[in-house]
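The values are calculated or read from the model by the stated rules, or taken from the named source; none is laboratory data. Only a predicted model underlies this, so the values are computations on that prediction, with no experimental measurement involved. Note that we place each Cβ from the backbone using ideal geometry, even for glycine, and neighbour counts take in every protein chain shown.
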Amino acid sequence: MNGTLSAGELELLRKDFSASPAYRLAQNAVTQVAVDDVAINREIINNTDHSLSTLLDDWKVTNQEHSGRCWLFAGLNLLRVGAMRTMGLKDFEFSQNYAMFWDKLERANYFLEAAIETAGRSLDDRTVAYLLDSVANDGGQWNMFVAIVNKHGLVPKAVMPETHSSANTARMNSVLRNLLRQGTKSVREASARGVDAARAEKADILRVVYRVLSIHLGTPPDRFDWQWTDKDREFHRDGVVTPREFAAKYVDLPIDDYVCLVHDPRSSSPAGRTFTVEYLGNVVGASPVTYLNVDMSMIKDIASRTLQQGEPVWFGCDVGKMMSNDYAVWDANLYDLSSVYDTAFTLNKADRLVYHETQMTHAMLFTGVDVLGSVTRRWRVENSWGADKGRDGFYTMNDSWFDEYVFEIAARRDSLPEALQQAFGTEPVVLPAWDPMGALAR
């Protein structure tokens with residue numbers, strides 16, 4: 001058949017490889033050690049200084065363990081800075097488990113509502129198939145984080161600590177996927193009798209979901225007694241408070257005034273326009289996930305100014321590329337794979353999005369920046385992978401990496417020029433549910 005690999009072609013491939021001493025040398029190296037150890041650019045490692053002109057963090061990193069809760073951790077890490085300052089604490093964490101519990105329950109409701117809305121479509125419909133494939137994931141977006149805080153409030157980690165399943169979500173998620181796919185069948189069948197029948201079926205499913213979450217994560221408190229001793233050994237007592245009262249008192253940032261700025265260089269996402277992704281959300285009735293597409297120079301400028309004004313910055317990126325945990329360095333040219341494989345890697349950022357080679361995979365905080373004159377050189381990153389990765393959990397990002405692999409920041413609306421602030425009043429372009437701009441929630 002045309003297109004098959006013939007014996008002659010296979011022989012040519014073998015001879016081509018065997019004829020090159022460089023290929024054989026690379027084979028000797030990479031069969032013994034990891035390719036990144038062979039390809040690493042020592043000049044970049046040696047020339048990356050971890051000192052910065054603006055450095056905010058003087059606290060310990062958090063650890064999301066074996067879960068995809070980076071967006072919640074990054075959001076709570078941003079908010080804990082003000083909480084520590086207000087309470088006079090050297091270290092403090094909001095309960096990530098509490099936030100995840102409510103996100104999981106709200107996400108189940110959001111998914112089942114989507115199942116009801118699409119009940120008239122075929123199971124082979126691409127959107128329906130996507131929803132079924134992406135159910136019960138751990139990920140999320142900034143607007144989804146705000147929706148959870150606004151509706152359910154926050155509690156200290158001590159009030160609802162981590163459990164085995166919050167730190168290792170795979171098994172719990174597999175049970176939730178089973179229940180929600182089963183629930184999709186139920187609500188689709190009930191939809192033939194009308195929306196009220198489908199929602200009655202949904203209510204039964206959500207009772208089971210709440211039960212499963214409580215078994216795995218514990219039952220979230222509706223009120224708790226809060227008292228603490230600050231870093232100067234002074235005792236304080238708030239008494240009994242609700243999670244929403246606690247959040248109202250100790251969240252000092254106007255999170256509702258923050259907007260998502262993204263750099264999406266594809267032609268389908270024009271600069272200066274807002275867009276959203278279909279079925280990207282968690283709380284039904286909350287503000288939708290909305291992005292404003294802007295130039296990368298604007299994202300960098302706003303992030304740098306925010307840091308220099310003393311506030312960390314929440315951001316989303318493709319974390320798996322060109323990074324070293326051992327050296328705590330990220331650089332767009334950290335690994336010289338072209339020399340190892342004797343080939344060029346030519347896809348630019350837009351191409352990588354279009355051809356599924358990149359997407360947002362992780363959210364973290366910027367906690368520092370190095371600026372020389374008007375030139376931004378390096379960024380300080382607070383990760384949520386624990387203190388045994390990077391330099392006590394922190395990393396140095398060279399500016400070249402920012403250009404290629406950072407996609408999004410959350411920023412105060414008033415940090416934008418007036419014309420771009422007005423853009424949030426326009427109807428957003430709606431991208432399909434499977435678009436890579438929704439990948440952080442997956």
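Please tell me if ALA344 is of a type in the set (Gly, Ala, Ser), part of a loop (DSSP other than H, G, I, E, B), out of contact with any His (no Cβ under 6 Å at 6 or more places or on another chain) and touching a residue at least 40 places away in the same chain (Cβ under 8 Å).
no
Looking only at the stretch 263-278, how many residues end up being within 19 Å of ALA303 (Cα to Cα), surrounded by fewer than 16 Cβ atoms within 10 Å (Cβ to Cβ) and not aliphatic (A, V, I, L, M)?
Here the count works out to 1.
Give the number of residues within the stretch 154-181 that are surrounded by 22 or more Cβ atoms within 10 Å (Cβ to Cβ), more than 26 Å from THR118 (Cβ to Cβ) and hydrophobic (A, V, I, L, M, F, W, C).
Counting residues in the stretch 154-181 that are surrounded by 22 or more Cβ atoms within 10 Å (Cβ to Cβ), more than 26 Å from THR118 (Cβ to Cβ) and hydrophobic (A, V, I, L, M, F, W, C) gives 3.
Would you point out the residue of the stretch 399-421, among those that are of a type outside the set (A, V, I, L, M, F, W, C) and closer than 14 Å to THR290 by Cβ, that is farthest from the chain's Cα centre (by Cα)?
My answer is GLN421.
Filter the stretch 217-262 down to residues that are within 21 Å of the chain's Cα centre (by Cα) and not hydrophobic (A, V, I, L, M, F, W, C) and give me whichever is surrounded by the most Cβ atoms within 10 Å (Cβ to Cβ).
If we take residues in the stretch 217-262 being within 21 Å of the chain's Cα centre (by Cα) and not hydrophobic (A, V, I, L, M, F, W, C), then TYR258 is surrounded by the most Cβ atoms within 10 Å (Cβ to Cβ).
Check the stretch 361-377 and report whether any residue there is outside any strand (DSSP E or B), crowded, with 22+ Cβ neighbours inside 10 Å and under 15 Å from the mean Cα position of the chain (by Cα).
Among the residues of the stretch 361-377, not one is outside any strand (DSSP E or B), crowded, with 22+ Cβ neighbours inside 10 Å and under 15 Å from the mean Cα position of the chain (by Cα), which makes the answer no.
Where in the stretch 381-431 are there strands (runs of 3 or more DSSP E), lying wholly inside it, with at least 2 residues that are modelled with pLDDT of 95 or more and among the small types (Gly, Ala, Ser)?
By residue number, 406-412.
Here is a list: ALA83, ALA99, ALA115. Which entry is over 30 Å from VAL369 (Cα atoms) and either part of a helix (DSSP H, G or I) or β-branched (Val, Ile, Thr) (or both)?
Only one candidate qualifies: ALA115.
Taking the condition of being assigned to a helix (DSSP H, G or I), of a type in the set (A, V, I, L, M, F, W, C) and either crowded, with 22+ Cβ neighbours inside 10 Å or under 20 Å from the mean Cα position of the chain (by Cα) (or both), how many residues in the stretch 129-141 meet it?
The total comes to 1.
Going through the stretch 142-173 one residue at a time, which ones are touching a strand residue (DSSP E or B) at 6+ places or on another chain (Cβ under 8 Å), more than 28 Å from LYS185 (Cβ to Cβ) and assigned to a loop (DSSP other than H, G, I, E, B)?
Matches in the stretch 142-173: LEU154, VAL155, LYS157, VAL159.
Tell me, which residue of the stretch 40-70 that is outside any loop (DSSP other than H, G, I, E, B) and within 28 Å of the chain's Cα centre (by Cα) is surrounded by the fewest Cβ atoms within 10 Å (Cβ to Cβ)?
Here the residue is HIS66.
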